[in-house]
1. Looking only at the stretch B:449-463, decide whether some residue is within 21 Å of B:PHE536 (Cβ to Cβ) and in a helix (DSSP H, G or I).
2. Among the residues in the stretch B:481-496, are any open to solvent by less than 20 Å² (accessible area, probe 1.4 Å) and in contact with a Ser or Thr (Cβ under 8 Å, 6 or more places away or on another chain)?
3. Filter the stretch B:112-127 for residues that are modelled with pLDDT of 70 or more and crowded, with 16+ Cβ neighbours inside 10 Å and give the result.
4. How many residues does the stretch B:2-12 hold that are in contact with a strand residue (DSSP E or B) (Cβ under 8 Å, 6 or more places away or on another chain) and open to solvent by less than 60 Å² (accessible area, probe 1.4 Å)?
5. What residue, of A:LEU60, A:LEU56, is at pLDDT below 75, open to solvent by less than 20 Å² (accessible area, probe 1.4 Å), away from chain B (no Cβ under 13 Å) and within 13 Å of the chain's Cα centre (by Cα)?
6. Residues in the stretch A:63-89 that are at pLDDT below 80 and open to solvent by 80 Å² or more (accessible area, probe 1.4 Å): how many?
7. Starting from the stretch B:527-538, keep only residues that are facing chain A (nearest Cβ under 7 Å) and in a loop (DSSP other than H, G, I, E, B), then list their pairs with residues that are open to solvent by less than 40 Å² (accessible area, probe 1.4 Å) and acidic (Asp, Glu) whose Cβ atoms are within a distance under 6 Å, requiring at least 6 positions of separation or different chains.
8. Looking at this structure, is B:LEU542 open to solvent by 40 Å² or more (accessible area, probe 1.4 Å) and over 27 Å from B:THR124 (Cα atoms)?
Amino acid sequence: MAVCIAVIAKENYPLYIRSVPTQNELKFHYTVHTSLDVVEEKISAVGKSIGDQRELYLGLLYPTEDYKVYGYVTNSKVKFVIVVDSSNTSLRDNEIRSMFRKLHNSFTDVMCNPFHNPGDQIQSRTFDGIVSGMMVQTA
Amino acid sequence: MAQCVQSVQELVQDSFTPMVAVLCSETAERMSRKNRLSFAELLRPFCRLTSEGHIRDPNNVLQSVKGLRISVNGLCPSLKPPSSTLTPAQRQVLHHIVLSSQPQEGAVSSISAGDYQLSFSGTTPWFEAYREAFLQTMPSSEHEFLNHYLACLLVVSSSETVPFEQFLKLSQEQHQIQHSGEYSSPKWFIPNTLKYYVLLHDVSQGDDHRAETVFEDMKQKYGSQGCYLLKINSRSEGPSDQDQMPDPWSQYLHKSYLHSPVSAPPPISVFFANSTKEHKRLTRFSALPQLSACDTSRRASDSITSGAPGGHGACLTLNDHDRIRQFIQEFTFRGLLPHVEKNIRQLNDQLVSRKGLSRSLFTATKKWFGGGKAPEKSVAEPKSTTGLLYPPEAPELQIRKMADLCFLVQHYELAYSCYHTAKKDFLSDQAMLYAAGALEMAAVSAFLQPGAPRPYPAHYMDTAIQTYKDTCRNMVLAERCTLLSVDILKSQGKYAEAATLLIKMTSEDSDLRSALLLEQAAHCFVNMKTPMVRKFAFHMILAGHRFSKAGQRRHALRCYCQAMQVYQDRGWSLAEDHINFTIGRQSFTLQQTEKAVDAFKVILEKESQQTATQQGAFLREYLYVFKVFYRHMALQSKLVFIKIK
């Protein structure tokens, strides 16, 4: 269960950020923004990739004291960032990968919408629904 | 880490210098006071030796000592035990130092990384000032001997009727201070400290011939290597063209003026060298760079602004400067270095003999009694929180002393091997504070070794910092360790590790320290081969927040403005709003209302994604600031109007 999910465009501005509303949203914004540095470092380190599915998943970017940040980059250099609570140790790597795959699929659906211009903020309700399904439920 | 003026070697060598104490008789002190300087202050600008000294190590190999610097302080015995944290007075002084050191306008460099164009200044002089002051105020501790006094200068003026009596008195005084066991500071390196006898002669007022005869007698009594005739005050007191004379003292006095504590010190009574029969004899003391209470009482008794710039050394000619320089050189090469050499040799002999003996005894007892501790290793109970406490004569401490002596005379190879042995002993005894000290110094000597035969042991430093922080809870030592290792890593180009170390040291107890370290970490990120610009910005914001908590508003504003360059117009609206809001608030507190208005305006211009309450708060702040600004502008225009009229 994620605490914050963000979609970032190729030019490094946010297309979509959603976090658990009770928490300090500003902190998540800052965390995601800073994690972009690490993402860029990993991208440049990989070099020329063949477009393998495995290479799109960047793994744990860095752990802070409360949160773990995971990254995923698509072929069009759109980045997904998921922030997860550290206390939630039951989440394994595979689960994170499946979350990213779901995100990627729904993002592709959003892009397929002829009325959506790439580079705009994502306002699709279906996408919202999928993201809410992945976030921590506040009872 | 920002670029610093000092190189790493200079920094390390300046942090650990041989310490020399000064005890003056009353007349001698008065003689140097004619220049508005105490005797220790008089010597201070000349303490960096330009020529090379030589010293033989225990294997009789000649080592050269280049560019040695000694530090001379007046003797200021105090009864307070050294603490592991900074006193509030010291904190206040550090606060003032950082406050008074602001960036210069226009000293900016531009960095371009990816699609970011940043311009900010790459040097942080306030951090260097803080670091220097901090390293100088390190309290002397039990587990290391680097800032224990090696020697004592006993200064008597030649105008005394019976100089020898004065010398004897001073010598007894020093002996008493060292051995009476009442004073917890200053600490002395070896039981028989080197005593160097100085006859101070006032050329304009004294009798040259008489001084020479007294000096000849001294040479006979104390040996020609143990005394010196220093002639000063060639110019008589009075108004003269002072602007032609160089004044090297201002920079040192400026620092000690800043260092005098703001709060009232505990009452210390001042005794003169002539009075006797009191048990607690605290002699007069000259100004120290150490933050002790001595300073204010000295200043109070002077009642002249000795800290004021200018007017120092009024009675000294350039000839006198040369003489003082030569005196320091003579003292170091003829007195201090041979003393150190002799002690190194002694300790080495002791260790070799003891090691052989203890090892055989230890193995013998182990064989017979199966793992009992050998009687040679007499470790004293009680165990303190930092582990064991060693008695002063313990062999492990002897190794540490020898290592410290070698380090002070730049003999890094021998120092490293001694530290390594000491570390092993301490670790096996679980004496964590001592072990951490040995690890730290071993890493530093490995780094400073010329030719670098072994790679720099960064893990030593990491373990040392960890131990200081967690086991010993000594943040001051941990901070010093961090500062040194960060500089070393920076010189090797390992900015990422340096940044991690700096961030680890930030904690809740000291806002100023955390702020400075976070700022340095931010600079580290931006100085990497591929600059991590966003991390730089993030840490700048954290640093700005801590600065404002510590009360350093101008620094806070500067940090936020630098971070703003990264976030501007990038679409991260929440973050941008937050920064603009804080910039607006800070500028307003600093009376820069125009800047505040601009910052707030930016928040309101765009389509905001904030909540309604947040937007309401922004609007309210903007209106308030704008009202103040408008009133101010109206007043100004009215004044202009009146002027025109």
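1. Step one: filter the stretch B:449-463 for residues within 21 Å of B:PHE536 (Cβ to Cβ), giving none.
Checked against the condition, which is being within 21 Å of B:PHE536 (Cβ to Cβ) and in a helix (DSSP H, G or I), the stretch B:449-463 yields no hits at all.
2. Taking the stretch B:481-496 and keeping what is open to solvent by less than 20 Å² (accessible area, probe 1.4 Å), we get B:481-489.
Next cut, in contact with a Ser or Thr (Cβ under 8 Å, 6 or more places away or on another chain) only: B:484.
The answer is yes, given that some residue of the stretch B:481-496 is open to solvent by less than 20 Å² (accessible area, probe 1.4 Å) and in contact with a Ser or Thr (Cβ under 8 Å, 6 or more places away or on another chain).
3. Correct list: B:TYR116, B:LEU118, B:PHE120, B:SER121, B:THR123, B:THR124, B:PRO125, B:TRP126, B:PHE127.
4. Final tally of qualifying residues: 2.
5. Values: A:LEU60 fails: open to solvent by less than 20 Å² (accessible area, probe 1.4 Å).
A:LEU56 is the lone residue from the list that is at pLDDT below 75, open to solvent by less than 20 Å² (accessible area, probe 1.4 Å), away from chain B (no Cβ under 13 Å) and within 13 Å of the chain's Cα centre (by Cα).
6. The qualifying residues number 4.
7. Close Cβ pairs (under 6 Å, with a partner that is open to solvent by less than 40 Å² (accessible area, probe 1.4 Å) and acidic (Asp, Glu)) amount to B:MET532/A:ASP37.
8. Details: open to solvent by 40 Å² or more (accessible area, probe 1.4 Å): yes; over 27 Å from B:THR124 (Cα atoms): no.
For B:LEU542, the condition - open to solvent by 40 Å² or more (accessible area, probe 1.4 Å) and over 27 Å from B:THR124 (Cα atoms) - is not met.
The values are calculated or read from the model by the stated rules, or taken from the named source; none is laboratory data. Bear in mind the structure is a predicted one, so any value in this text is a computation, not a measurement. Every residue, glycine as well, gets a Cβ built from its backbone with ideal geometry; the counts of neighbours run over all protein chains shown. For the accessible areas, the whole protein counts, side chains as well, though only heavy atoms, and no ligand, DNA or RNA atoms are used. Shrake-Rupley method; radii C 1.70, N 1.55, O 1.52, S 1.80 Å.
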